[in-house]
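Data first, discussion second: the structure below is written as structure tokens.
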Amino acid sequence: MASTKDYLEFVLEQLSGIESISHREMMGEYILYYQGKVFGGIYDNRFLVKPTASAKKLLPDAPLELPYEGAKEMLMIEDIENKELLKELLDSMLGELPAPKKKPQKQ
């Protein structure tokens, strides 16, 4: 089941107070970026984030979910409407997220 644009817009509204949030559609789902780094996504209308150490500390009771078969588990955000928590979560995760991979230049 693919995620809906309505759910994407809802999540983006909850993240609207945070600068440098972007997204990209991929196979019916949405990858979410914070300052150019992938921090999570929307999969089957579930808002999932990477299980970094700081994310696990801030969300100790968050369930681990598979975004899709064969993927690594991610933390499901249940308190989506808590904008202060989302800001704190993303700011704490930022240093733990890998830098974006550089695309090879075409010759």
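The values are calculated or read from the model by the stated rules, or taken from the named source; none is laboratory data. All values reported here derive from a predicted model rather than from experimental measurement. Neighbour counts run over all protein chains shown; Cβ positions are idealised from the backbone, glycine included. Accessible surface is based on the protein model in full, side chains and every heavy atom, while ligands, DNA and RNA are left aside. Shrake-Rupley method; radii C 1.70, N 1.55, O 1.52, S 1.80 Å.
Whenever a residue of region 36-55 is at pLDDT 95 or above, its partners that are open to solvent by 40 Å² or more (accessible area, probe 1.4 Å) and among the aromatic types (Phe, Trp, Tyr), lying with C-beta atoms within less than 6 angstrom and at least six residues away or across chains, give the pairs Asn45/Tyr7.
Each residue in region 55-78 was checked for being assigned to a helix (DSSP H, G or I) and either under 17 Å from Glu13 (Cα atoms) or within 13 Å of the chain's Cα centre (by Cα) (or both), and 1 pass.
Only one residue in Ser20, Ser3, Ser16 is at positive phi and not β-branched (Val, Ile, Thr), so which one is that? Reasoning before the result, please.
Values: Ser3 fails: at positive phi; Ser16 fails: at positive phi.
Result: Ser20 is the single residue among Ser20, Ser3, Ser16 that is at positive phi and not β-branched (Val, Ile, Thr).
Of the set (1) of a type in the set (Asp, Glu); (2) under 18 Å from Lys5 (Cα atoms); (3) under 13 Å from the mean Cα position of the chain (by Cα), all apply to Glu81 but (3). Counting the residues of region 26-42 that are open to solvent by 20 Å² or more (accessible area, probe 1.4 Å) and in contact with a Phe, Trp or Tyr (Cβ under 8 Å, 6 or more places away or on another chain) gives 2. Every listed requirement among (1) surrounded by fewer than 17 Cβ atoms within 10 Å (Cβ to Cβ); (2) of a type outside the set (A, V, I, L, M, F, W, C); (3) touching a strand residue (DSSP E or B) at 6+ places or on another chain (Cβ under 9 Å); (4) not in a loop (DSSP other than H, G, I, E, B) is met by Pro100 save one, (4). Take Glu88 and tell me if it is in a strand (DSSP E or B) and surrounded by 12 or more Cβ atoms within 10 Å (Cβ to Cβ). For Glu88, the condition - in a strand (DSSP E or B) and surrounded by 12 or more Cβ atoms within 10 Å (Cβ to Cβ) - is not met.
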